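The values are calculated or read from the model by the stated rules, or taken from the named source; none is laboratory data. The model shown is predicted, which means the values in this text are computed figures rather than measured ones. Cβ sites come from the backbone with ideal geometry, for glycine too, and all protein chains shown count toward neighbours. What goes into the accessible areas is simple: the full protein's heavy atoms, side chains included, and nothing from ligands, DNA or RNA. Shrake-Rupley method; radii C 1.70, N 1.55, O 1.52, S 1.80 Å.
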Amino acid sequence: MNDVEGTIARIAAADDLPALDVVRVEALGKSGWVTGLLKTLGGMTPEERQLRGPEFQRVRARLTDAIAQRREQLEAAELERKLATERIDLSLPAPEHSRGTVHPISQVMEELAEIFADLGFAVAEGPEIESDWYNFTALNFPPGHPARAMHDTFYLQRTDADGLPYVLRTHTSPVQIRAMQERGAPLRVIAPGRVYRSDSDATHTPMFHQIEGLVIDRAIHLGHLKWTLETFLKAFFERDDIAIRLRPSYFPFTEPSAEVDVGWSLEKGRRVVGGQQGWMEVLGSGMVHPKVIAAAGLDPDQWQGFAFGTGVDRLAMLKYGMDDLRAFFDGDIRWLKHYGFSALAVPTLSMGVGA
Ligand code: DAH
């Protein structure tokens, strides 16, 4: 027991953590002397044990406390030392890190949101796993309607309350219904997102991106649609010489329906959007069918509107000059470095995009 004061003195004298640990092991470790003392209790008579037990425990507690206290002091001193000696030189050049880029699809979606926000459109969203009703029926494709066959639909095994299988949405048009139900009228929304069709070649991938536009208000007519699309395309392609033409077409959810062509011209051997040397189709559109407005719970005698939809990937290819859609989804780092955007290239109206 004479060792108690000596050990306390050694604890106080330990000048770093490893030295403190040596003292701790000698006293309290598995073969330490305090541990040894505690082991002798087993061989004592009950009377002796009653006397010595508490005494040994007090020794152990004193030493444990002293060690903990010293450890705290040493740790605090170590921190002080580090704070006093370690410095970060902020003037040093940052190490080279490989930088990621923003995918052209994300960039184009941001551009579209920016352009349409300027025209008073909010962004709406819907699920990628959609019920048959939202993807088709509410959009005036009743079960058995021939237009359903035009979408190479992926069906899920799970069925809904009508006993029909859920689908991976084949277009962003179901968001029209959801937006009308959730937000009511009047309404101006765009809905960008992923869509799925069972189709794959140089210009088709099973997953691709669309953007939907919907305006619902009183006394909306085709003139509003045409102005909006022209304004949007001029802002998106950042050119004033954008020409469009509307061709009669058919979609179940619009009446009348129009396909929109944009004029192109040859520049340095490449087709670019602008001018009128030729035409290419870029959008589907039309006046929202009264049945669609009614399916979404609004009164078609009070509310009319127009809608449009187009492929985001296609818009990106036309604007930034890529020619193989599949490369968008390969994740090839060389492609991403070449076509990707800096995270700081945020599309803004003042930087060019905008209506
Ligand atoms: N949903 C159509 C498709 O995927 C595109 C479309 C056409 C959307 C006309 C519309 C529209 O909103 O009015 O082929």
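Helix 174-183 and the longest principal axis of the Cα set of the chain meet at an angle near 70°. Here the spin labels are modelled as points 7 Å beyond Cα on the Cα-Cβ line, and at residue 147 and residue 3 they lie 9.2 nm apart.
Here's the picture: charge each Lys and Arg Cβ at +1 and each Asp and Glu Cβ at -1 in the stretch 193-338, and of 193, 252, 287 the one pushed furthest to the positive end of that dipole is 193. Averaged per residue, the stretch 4-85 has 67 square angstrom of accessible surface, using a 1.4 angstrom probe with ligands and nucleic acids left out.
Placing +1 on each Lys and Arg Cβ and -1 on each Asp and Glu Cβ, with no other charges, gives the chain a dipole about its Cα centre of roughly 340 debye. Answer rounded, prolate or oblate for the stretch 104-339, using the Cα gyration tensor with square roots of eigenvalues a ≥ b ≥ c: rounded when a/c is under 1.5, else prolate when a/b is larger than b/c, else oblate. Note, shape of the stretch 104-339 comes out oblate. Using just its DSSP H runs of length 4 or more, each adding -39500 (n - 2.57), the chain gives a mean residue ellipticity at 222 nm of -12000 deg cm²/dmol after division by all residues. Ordered by 1.4 Å accessible area with all protein chains kept, 24, 271, 87 run largest first as 87, 271, 24. Counting only alpha carbon atoms, the long axis of helix 3-13 and the longest principal axis of the chain meet at about 50°.
If you take the alpha carbon atoms of the stretch 4-85 and fit the smallest convex hull around them, that volume is 73 Å³ per residue.
Entry note, the chain: relative contact order of 17 percent, from Cα contacts under 8 Å with a spacing of 6+ residues. What is the total of Lys pairs in the chain with C-alpha atoms under 19 Å apart, excluding same-chain pairs fewer than 8 positions apart? The result is 5. Hey, any idea what % of the stretch 4-85's accessible area is carbon plus sulfur with a 1.4 Å probe? After summing per-atom areas, the C and S share lands at 57 percent. With R₀ fixed at 41 Å, the C-beta to C-beta distance from residue 218 to residue 345 puts the FRET efficiency at about 0.55.
Once the piece of chain linking residue 97 and residue 294 is laid out straight, how much longer is it, given 0.36 nm per residue of separation minus the C-alpha distance between them?
65.4 nm
Once the Cα atoms are used to define both axes, helix 104-118 deviates from the longest principal axis of the chain by about 70 degrees. In the stretch 157-295, carbon and sulfur make up what percent of the accessible area (probe 1.4 Å)? Carbon and sulfur: 49 percent of the exposed surface of the stretch 157-295. If R0 is taken as 25 Å, the Cβ-Cβ distance between residue 86 and residue 21 corresponds to a FRET efficiency of 0.55.
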